Amino acid sequence: MSTIDDKATEVPEDAAGESAETVPPEQEKEEVAEKKEINKGLVIFVFIAAFVASLIVGWILFPMVLYTQENQPIDFNHALHLEEVENSCESCHFFREDGSYAGVPKLAQCVDCHDEVMGDDLDELAFVENYVQKNIEVPWLIYSQQSDCVFFSHAAHVKAAKMDCVSCHGDIGESTSLKVYEKNIITGISRDIWGKNIGGIKLHSWDRMKMNDCAKCHKEETGNQGACFQCHK
Amino acid sequence: MKIDRRDFLSLGIGAAAGIGAGTALSPLPWKLIDDSSIWSQNWPWTPVPPDGAVSFKNSVCTLCPGGCGITVRKVEDRCIKIEGTKGNIVNNGGICILGLSGLQLLYGPTRVKAPMKKDGGRWKEISWDSAIDEIVKRLKNIRKEGKPESVACVSGTDQGTVAQLIGRFLTAYGSPNYIRTSSIADSYEIALKKLHGQFSSIGFDFENSDFVLSFGSGVADGWGSPVRMFKANSKWKDSKDKALYQIESRLSNTAAKADKWIAIIPGTEAILAMGIANVIIQKSLYKKKLIEKYSKGFNNFKALVLKEYSPEKVSKITGVKKSEIIAIAKKFAGASRPVAICGSGQGRTPGSIFEFMAVHALNALIGSVNNIGGVFSVPEPDYIKWTEAEKDDVAAKGIKTDRIDGAGKKYPDTRYLINRLIDSINSTGDSPVELLFVNGANPCYTMPDTENVIKAFKKIPYIVSFSSYFDETTEMADIILPNHTNLERLEDIPLAAGLIKPVVGLSMPVVEPECNTRHIGDVFIQMAKLMDGNIKASFPWNNYEECLKKTLGDKWDKLARDGYWVDENSRASRGIFDFTPLVKNNRNLVKPEGKSKLTLIPYDSMRLTVGYIGDPPFAMKTVEDTILKGNDVFVEINPKTAAGYNLSEGDKARLTTSKGKAKVRVHLYDGIRPGIVAMPRGLGHTEFDEYLAGKGENFNKLIGPVEDPVSGLDAAWGIQAEITKT
Amino acid sequence: MKVDTKQKKFGMAIDLDKCTGCGSCMVACMSENNVPFKKDETNKLDSITWIKVYKVTNDKKYPDTDLCYIPRPCMHCDGQHGHAPCVSVCPAVATDNDKSTGVVSQIYTRCFGCRYCMAACPYHARYFNWWDPVWPEGMEKYLSPNVSPRMRGVVEKCSFCFHRYQLAMDKAYVEGRRELREDEYQTSCTQACPAGAITFGDLNNPKHTVHKMVQPDNKHHGKPKNPKAFRLLERLGTNAKVYYLSDRKWVRKLGDNQTPNEESSKKH
C-alpha cells in the first residue's frame, strides 16, 4: 500500500527535468482506484479478448488449417444416376457373393453404360477420354474410408440389421455433385470420420463415424458395445 | 498509459488465462492430442495392404516332386496366401511348409529380374533377343565344329513337355547328353528293371496298407510326396490295426511317429532285409503259390538267404536283436496288406541298389507286389505323342556318341549318371562339355563333394542357367535366361512321387509375370526356330502354350478344371519277379570312406529344403535354435560319445572328413546311436540372399560319392569323421 | 460359474500323436497374419511366431528315446472369472475376452507396449515388436488386407484367425443367416496341417468335432472328460481353450510341467 503512496508522493526526475505536481491524497486514492479499475478492466478485457480469440482460432481457424481440400477427379452426379438405375444405392455399391462389399465401383461398372460419351457433359467427356479409353481406374477419394485398424462389415449392417445407407452416409444419393474431399493433414483421414464439426458435435447420425458413434448405436440396438474383434483387425 | 511490471504481469496472466480457457473450451488441444496419437501409429513405412475383390486360382506346386494341388487366394491381382486344394488326389487340402512359403519366392528382391550376362565378373542385364542370339550363335559354332555332343543339359526331371522339349532339342541338335539329377527314383527304376525286367516307376498304395516296414524312409520328413505321406501316416494312426515300423539309426520325426523304432547300425539296412527274408522263408511265411507262378531264380535266392543271413549273423552285423528280427518278420508276413519301403530321408541320394532289391524282394515274398496296399510298377504317363525329332547327318552322328556321363555302358540299366559327369569333366584336359544348360537343378550345392563339382563347373566354357534365383550353380553360369516361377508358369507336371497310377498335374499361371522372365518352353522353341533346318523342322509350334494344348489334346479340359488327370487305363504289367540279380549282387554293402571312430550321416527335415529351391525366410524362421544359432549349425551327438570327446551342449567344434571341414556346434541328443554324428542338410548356402546365405555349413562339402557296384550311382550314406573341440 | 452354452466357445484340439513337427502351421499362420521376419531368427526370445512348435523328449537314453512336438498357439484362456491372465493386467484394455465367441482379442492401436501381458501369460504366447517390421522390396505385395500390419512397440499374438470369422459372417449375412457351419470358420493352421493333427471348432456345440474329441466339462472349467486329452499347465487354472490329445502317458504328464516326484495338483 505504502509503495503506491510513496510513488505518488515521490517526484520522479524525468528527462525534461520537470517534476509532476504533487496531487492531494483524496484525488490520489481516486486515481489509484481508477487505475486499478482500469487495470482490472484492462485485464478482464484482455482476458475476454484472448478468450474469444482462442475460441475463434480453435473453432474456426483451426479447422481451416487442419484440413486439406481436394476435388474429386470427376464431378459425379449421384442424383442423375440414381434415376437411371433400379436398385438404388446397391446397383453400383453392391455386395459380392462372398459377402464382401464392393465399395466404390470400379471402371468395369461404369463402362457398362459409358463405353462412349452418352451426353454432352464436360465431366463425362473427361471421364471417357482420360479413364475409360486409357483403361485407368479413377482415383476416387473415399469420404468414409476408415483407418487400417477398422474392420467394417457392410453385410452385418445392411443385410442382417437392415439399416439404410442414409443413416451413416447421409444424403449423398441426392447430391448433384460430389463435395470437396477434406483430409486431416496430421492423420491423413477423411474429415467425414471425425465429423464436419471440429468439436465433434453431431446433429445427424451421419455426421460422425468414430468408434464411440458405432459403440453408442451398438449399445442401443444390441444391448452391448460389441467385442473388440467385431470391428477391429 | 503506462504499463508497469505488475500491470504487464497481470495483463499477461489475463491473456494467458484467456487463451488457456478459450483453448481448453475449443477443440484445438483435444483434437491435436487425438490426431497426434493417431499420427504416431501411422508411420509411412508401415504398409497398409489395399483391400479389394477376393478370388481363388488353382495350380500345382512344383517346389518339390510331391506335386500337391494348391489354391492361391488373391486380392485383386496380388497373391496373398497359398492353401492346399481340397479334393485334390495327392494332398486333399493339406500343404507343406515349403508350399506355404511360396509367395516369398514369387515376390521379393531375390529373383533374377531379367536376362543376365556375366560381364567382367558382374551380372549385367541384357535383352531377351540378344541373350537368345548369343546362345544360338554358340550353338551354331559348336555344330559347325562337328561336336554337337558337347552340348549337355542337367535337369531335375526328364518328364513333362518342358523336359521333353529340351530333350528333343538336344536330339535334333545331335547330343545324347540329357542328364537328370539323381535320387531314389533312379534306384527304384534300376531295381525294378533288374527284378521285373522292365522300366517303370514305383508306386505305393499307402492309403490301404496296414503295415509299413520302412527302411529309413522319412515318411514324416518329406519322403515321396510329403503331404500325401503325412495324410497316410495319420490314417494309420487312426486305426489300432495299422502300424508303421521305422528302421533307422537316428530318432527322426518319422521314427518318433512310428509304432516301433528299430535302432540299427547305419548302412546295414540291406542285411536286415535279407535277415527278415530268411525268417520268412524259413518259417514258410511267404506266398508259395505266387512265388512258384510268378518268379524265377527263387531256389538260388532261398539257398543264399538261408545260408548267409541267419538271424544270429544278421543281428551281429546290424545291431538288431535276434528276437526282434524274428518278431518283425512274423508281423510283416502276418499282416493282411503289408508293404516295405526304402530310400533314406527324403530320398535325395540314390543309395545302394542291393538294398532296394532286398527290400523289394520282401514285398515279392509276401505278395504285396501289384496288390492292394502294396507296391506297384507304374508305367510313365504316356501322353506326349510327338513324332520323332528330325535328324540330319550331324545330329545322327552326334546322337550315337557315348554319353559323357557314361550311363548305359558299364551300368546298362542306368540311364543318368551325374556324378560320372563331374568326373569326366575333371579327369580330362579340356572339358568334354562345351555348353551346359541347367534347369530345375542346383548341382553346385546339392551334389556331394562340392569342391569337386565346382571345379568341374569352372572348367565348362559356357553355362546357361534358367533359374529364377541366384543359386550356387547360377553364380557359376555365364548367362541367365530366367524362367517364370511356378506361380507364373503354365506347365504339365507328371507326378512321380509314388502314386499307383500315372497322374499328370497342371501348373497354371496365377499371376502375370512379376519380372522380365520368359517361359523356358518358349525359349527353346524360339532358339529352335533360329537354328538350322532339321532342328527348326522338329519344332512346329509357335509357342509353348500352343505346344502344350496340342499335346494334351482332349485332356486339357479335365486338367484345367480339376488340376490333374489320372491315366486310369494304365496297367502295370505283371512281369516275372527275377530273384537272380539279388544273388548275383549279394553282399554289396557300401562302407563309409575314411578311417575314424565317428561316422557322419546327414538327416533331412521338412523345415530345410534340400533340393534346388533355397529355403525361404518363413521356413528358415521355423528352424530351431538347437539346429541353427546365429550362423552356426549344430550337429547331433549322443551324450556318451560327446563325453568321450569332452564336448558339452553348445560347444564349438570342428568336424573334419576326408572331403572337407566344417565349423559346427554340438547338440547332445539321446535319439542318435553312439558313434554317429548327424548333420542337417539344407544349410550352408553361399548364394540366394542374406536370409539364407552364410548360415550353417553344406553337408555336401563333407562327403563324396561312392559308386554303387550295380548302378554306378552315388550310394554313400555317410562318411567317417573326426570332431575336435575349438 | 454359470456358463451360457448358447454362446460359442471356439477352441482347438491338437493330436500330438499325429503331429509330425513339420512346421506347416507356423508358416501358415505367418503367411495369413502378416507376421514379419528378420534376417536372423535364431534368437527365439524375440522371434515372432504366433503358433510355435516346441519339441520335447521323454528323457530316456538311446534307443528308448521318444520325442513329441507340441504346437502352441494362444490358449485364449477363460481364466477363473471369464478373464484371461493377460486381459486382467492390460492397463490400456488393448486385449479383451469376448463372451460371445471366447476369443481373446488384441487391438494393436490401443496397445502402448508396456508388456505387462507378456509377463502375465504363462505360455509365452505373446510377442513384442522390438523393431519396425521390414519387408524386402516387393514382398509387401503378399500382405493380406484382413490383418493390420503392426508397427514397433506393440504386442501381438494368435487371434484364432478371427478375421476369417468376420469374413465368414459376412457371407452368412449376405445369404440371410447368422449361424456358421463348422467348416466355414477354420483357422489357418488347422487348414494347413498336412497330418490333420489340428481340429478347430465350437467347444460348446456338441455336433462339432472338437467337442466330441475333447468332451469339455463346463461345470469344471472346461476340463476334458476324454482321458487322453489334457491342457498345458492345467493346474494354473487358466481354463485354456486349446486341448492336446496323446496316447502316450509321458506326453500327458508333461502338460503340467511336473518335476519327477510331484503329483498333479487337484485344485482345479
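Taking the stretch B:29-56 as the region of interest, how many residues are within 8 Å of chain A (Cβ to nearest Cβ), open to solvent by 40 Å² or more (accessible area, probe 1.4 Å) and of a type in the set (A, V, I, L, M)?
3
Taking the stated definitions as given, is B:Leu668 modelled with pLDDT of 95 or more, under 29 Å from B:Ile190 (Cβ atoms) and more than 19 Å from the chain's Cα centre (by Cα)?
Criteria not met by B:Leu668.
If C:Thr101 satisfies every condition in (1) free of Cβ contacts under 8 Å to residues at least 40 places away in the same chain; (2) of a type outside the set (D, E, K, R); (3) within 30 Å of C:Arg181 (Cβ to Cβ) but one, which is the exception?
(1)
Out of B:Ser234, B:Ser214, report the one residue that is outside any strand (DSSP E or B) and hydroxyl-bearing (Ser, Thr, Tyr). Steps first, please.
Values: B:Ser214 fails: outside any strand (DSSP E or B).
After applying the criteria, what remains is B:Ser234.
Would you check if B:Gly224 is assigned to a loop (DSSP other than H, G, I, E, B), more than 9 Å from every other protein chain (Cβ to nearest Cβ) and buried (at least 24 other Cβ atoms within 10 Å of the Cβ)? Walk me through it before giving the result.
Details: assigned to a loop (DSSP other than H, G, I, E, B): yes; more than 9 Å from every other protein chain (Cβ to nearest Cβ): yes; buried (at least 24 other Cβ atoms within 10 Å of the Cβ): yes.
So B:Gly224 fits the description; yes.
Name the one entry in B:Gly347, B:Gly343, B:Gly373, B:Gly351 that is open to solvent by 10 Å² or more (accessible area, probe 1.4 Å) and touching a strand residue (DSSP E or B) at 6+ places or on another chain (Cβ under 9 Å).
Working: B:Gly347 fails: open to solvent by 10 Å² or more (accessible area, probe 1.4 Å); B:Gly343 fails: open to solvent by 10 Å² or more (accessible area, probe 1.4 Å); B:Gly373 fails: open to solvent by 10 Å² or more (accessible area, probe 1.4 Å).
Unique residue meeting the criteria: B:Gly351.
For B:Glu649, state whether it is acidic (Asp, Glu), open to solvent by 50 Å² or more (accessible area, probe 1.4 Å) and in contact with a Lys or Arg (Cβ under 8 Å, 6 or more places away or on another chain). Spell out the reasoning first.
Values: acidic (Asp, Glu): yes; open to solvent by 50 Å² or more (accessible area, probe 1.4 Å): yes; in contact with a Lys or Arg (Cβ under 8 Å, 6 or more places away or on another chain): no.
Against the criterion (acidic (Asp, Glu), open to solvent by 50 Å² or more (accessible area, probe 1.4 Å) and in contact with a Lys or Arg (Cβ under 8 Å, 6 or more places away or on another chain)), B:Glu649 does not qualify.
Which condition from (1) open to solvent by 100 Å² or more (accessible area, probe 1.4 Å); (2) at pLDDT below 70; (3) more than 14 Å from every other protein chain (Cβ to nearest Cβ) is the one that A:Ala33 breaks?
Going through the list (1) open to solvent by 100 Å² or more (accessible area, probe 1.4 Å); (2) at pLDDT below 70; (3) more than 14 Å from every other protein chain (Cβ to nearest Cβ), A:Ala33 breaks only (1).
Which strands (runs of 3 or more DSSP E) does the stretch B:405-515 wholly contain that include 1 or more residues that are open to solvent by 20 Å² or more (accessible area, probe 1.4 Å), among the acidic types (Asp, Glu) and in contact (Cβ under 8 Å) with a residue 12 or more places away in the chain?
On the way: elements: B:435-439, B:462-465, B:491-495, B:503-507.
Filter on the stretch B:405-515 gives B:491-495.
Checking C:Tyr123 against (1) at the interface with another protein chain (Cβ under 7 Å from one of its Cβ atoms); (2) closer than 30 Å to C:Leu245 by Cβ: exactly one of these is not met. Which one?
(1)
Would you call B:Ile132 at pLDDT 95 or above, within 30 Å of the chain's Cα centre (by Cα) and closer than 19 Å to B:Asp478 by Cβ?
Values: at pLDDT 95 or above: yes; within 30 Å of the chain's Cα centre (by Cα): yes; closer than 19 Å to B:Asp478 by Cβ: yes.
So B:Ile132 passes the test.
Looking only at the stretch B:153-184, count how many residues are in a helix (DSSP H, G or I) and not aliphatic (A, V, I, L, M).
From the stretch B:153-184, those in a helix (DSSP H, G or I) are B:160-173, B:184; that's our starting set.
This time we only want the ones that are not aliphatic (A, V, I, L, M), so: B:160-161, B:164, B:167-169, B:171, B:173.
Of the residues in the stretch B:153-184, 8 are in a helix (DSSP H, G or I) and not aliphatic (A, V, I, L, M).
Identify the single condition in (1) touching a residue at least 40 places away in the same chain (Cβ under 8 Å); (2) at the interface with another protein chain (Cβ under 7 Å from one of its Cβ atoms); (3) open to solvent by less than 10 Å² (accessible area, probe 1.4 Å); (4) not charged (D, E, K, R) that B:Val72 does not satisfy, given that it satisfies every other one.
Failing condition for B:Val72: (2).
For the structure I just gave you, tell me whether B:Lys293 is of a type outside the set (A, V, I, L, M), within 14 Å of chain C (Cβ to nearest Cβ), open to solvent by 10 Å² or more (accessible area, probe 1.4 Å) and in a helix (DSSP H, G or I).
Numbers: of a type outside the set (A, V, I, L, M): yes; within 14 Å of chain C (Cβ to nearest Cβ): no; open to solvent by 10 Å² or more (accessible area, probe 1.4 Å): yes; in a helix (DSSP H, G or I): yes.
Spelling it out, it is not the case that B:Lys293 is of a type outside the set (A, V, I, L, M), within 14 Å of chain C (Cβ to nearest Cβ), open to solvent by 10 Å² or more (accessible area, probe 1.4 Å) and in a helix (DSSP H, G or I).
Given (1) under 22 Å from A:Cys228 (Cα atoms); (2) part of a loop (DSSP other than H, G, I, E, B); (3) more than 14 Å from chain A (Cβ to nearest Cβ), where does C:Asn205 come up short, assuming only one miss?
In the conditions (1) under 22 Å from A:Cys228 (Cα atoms); (2) part of a loop (DSSP other than H, G, I, E, B); (3) more than 14 Å from chain A (Cβ to nearest Cβ), C:Asn205 misses (1) alone.
Under 20 Å from B:Val583 (Cα atoms), part of a loop (DSSP other than H, G, I, E, B) and either touching a Leu at 6+ places or on another chain (Cβ under 9 Å) or not assigned by TED's automatic domain parsing to the domain that holds B:Pro680 (or both): which single residue out of B:Gly275, B:Gly267 fits that description?
After applying the criteria, what remains is B:Gly267.
Answer yes if at least one residue in the stretch A:123-135 is acidic (Asp, Glu), at pLDDT below 90 and assigned to a loop (DSSP other than H, G, I, E, B), and no otherwise.
The answer is no; no qualifying residue exists.
Looking at the structure I just gave you, is B:Arg122 over 30 Å from B:Val48 (Cβ atoms) and surrounded by fewer than 17 Cβ atoms within 10 Å (Cβ to Cβ)?
Working: over 30 Å from B:Val48 (Cβ atoms): yes; surrounded by fewer than 17 Cβ atoms within 10 Å (Cβ to Cβ): yes.
Yes; evaluated as a whole, the condition is true for this residue.
Could you tell me whether the stretch B:581-604 includes any residue that is hydrophobic (A, V, I, L, M, F, W, C), crowded, with 19+ Cβ neighbours inside 10 Å, part of a strand (DSSP E or B) and free of Cβ contacts under 8 Å to residues at least 60 places away in the same chain? Explain how you work it out, then say what you get.
Step one: of the stretch B:581-604, the residues hydrophobic (A, V, I, L, M, F, W, C) are B:582-583, B:589-590, B:598, B:600-601.
With the extra rule that they be crowded, with 19+ Cβ neighbours inside 10 Å, the set shrinks to B:582, B:590, B:598, B:600-601.
From what's left, part of a strand (DSSP E or B): B:598, B:600-601.
Remaining after also requiring free of Cβ contacts under 8 Å to residues at least 60 places away in the same chain: none.
No; the residues of the stretch B:581-604 include none that is hydrophobic (A, V, I, L, M, F, W, C), crowded, with 19+ Cβ neighbours inside 10 Å, part of a strand (DSSP E or B) and free of Cβ contacts under 8 Å to residues at least 60 places away in the same chain.
Could you identify the single residue in C:Pro149, C:Pro136 that is within 14 Å of chain A (Cβ to nearest Cβ) and more than 19 Å from the chain's Cα centre (by Cα)?
On the way: C:Pro136 fails: within 14 Å of chain A (Cβ to nearest Cβ).
So the residue among C:Pro149, C:Pro136 that is within 14 Å of chain A (Cβ to nearest Cβ) and more than 19 Å from the chain's Cα centre (by Cα) is C:Pro149.
Checking A:Ile201 against (1) outside any helix (DSSP H, G or I); (2) open to solvent by less than 40 Å² (accessible area, probe 1.4 Å); (3) at pLDDT below 90, which single condition isn't satisfied?
Evaluating A:Ile201 over (1) outside any helix (DSSP H, G or I); (2) open to solvent by less than 40 Å² (accessible area, probe 1.4 Å); (3) at pLDDT below 90 leaves (2) as the failure.
Could you tell me how many of the residues in the stretch C:178-197 are facing another protein chain (nearest Cβ under 9 Å) and not in a helix (DSSP H, G or I)? Quick ask: steps written out before the conclusion?
Filtering the stretch C:178-197 down to residues facing another protein chain (nearest Cβ under 9 Å) leaves C:178, C:188, C:191-197.
Imposing the further condition that a residue be not in a helix (DSSP H, G or I) reduces the set to C:178, C:193-197.
Qualifying residue count, the stretch C:178-197: 6.
If I filter the stretch B:611-636 down to residues being within 7 Å of another protein chain (Cβ to nearest Cβ) and part of a loop (DSSP other than H, G, I, E, B), which single residue comes out as surrounded by the most Cβ atoms within 10 Å (Cβ to Cβ)?
If we filter the stretch B:611-636 for residues that are within 7 Å of another protein chain (Cβ to nearest Cβ), which is where we start, we get B:617-622, B:624-625, B:628-630.
Filter again for part of a loop (DSSP other than H, G, I, E, B), leaving B:622, B:624-625, B:630.
Details: B:Thr622: 27, B:Glu624: 18, B:Asp625: 15, B:Gly630: 12.
So the residue we want is B:Thr622.
Out of the residues in the stretch C:248-263 that are at pLDDT 90 or above and not aromatic (Phe, Trp, Tyr), state the one that is nearest to B:Lys260 (Cα to Cα). Quick ask: steps written out before the conclusion?
Initially, the stretch C:248-263 is screened for residues at pLDDT 90 or above, giving C:248-252.
Right, trim to not aromatic (Phe, Trp, Tyr) and you get C:248-249, C:251-252.
On the way: C:Arg248: 13, C:Lys249: 16, C:Val251: 17, C:Arg252: 20 Å.
So the residue we want is C:Arg248.
Which residues, taken from the stretch A:204-233, are outside any helix (DSSP H, G or I), facing another protein chain (nearest Cβ under 10 Å) and open to solvent by less than 60 Å² (accessible area, probe 1.4 Å)? Spell out the reasoning first.
Kept after step one, since they are outside any helix (DSSP H, G or I), are these residues of the stretch A:204-233: A:204, A:208-210, A:223-227, A:232-233.
Right, trim to facing another protein chain (nearest Cβ under 10 Å) and you get A:210, A:224, A:226-227, A:232-233.
Result: A:Lys210, A:Gly226, A:Ala227, A:His232, A:Lys233.
The values are calculated or read from the model by the stated rules, or taken from the named source; none is laboratory data. All values derive from a computational prediction rather than experimental measurement. Counting neighbours? That spans all protein chains shown, and the Cβs are built from the backbone with ideal geometry, glycine included. Accessible surface areas use protein heavy atoms only, side chains included; no ligands, DNA or RNA. Shrake-Rupley method; radii C 1.70, N 1.55, O 1.52, S 1.80 Å.
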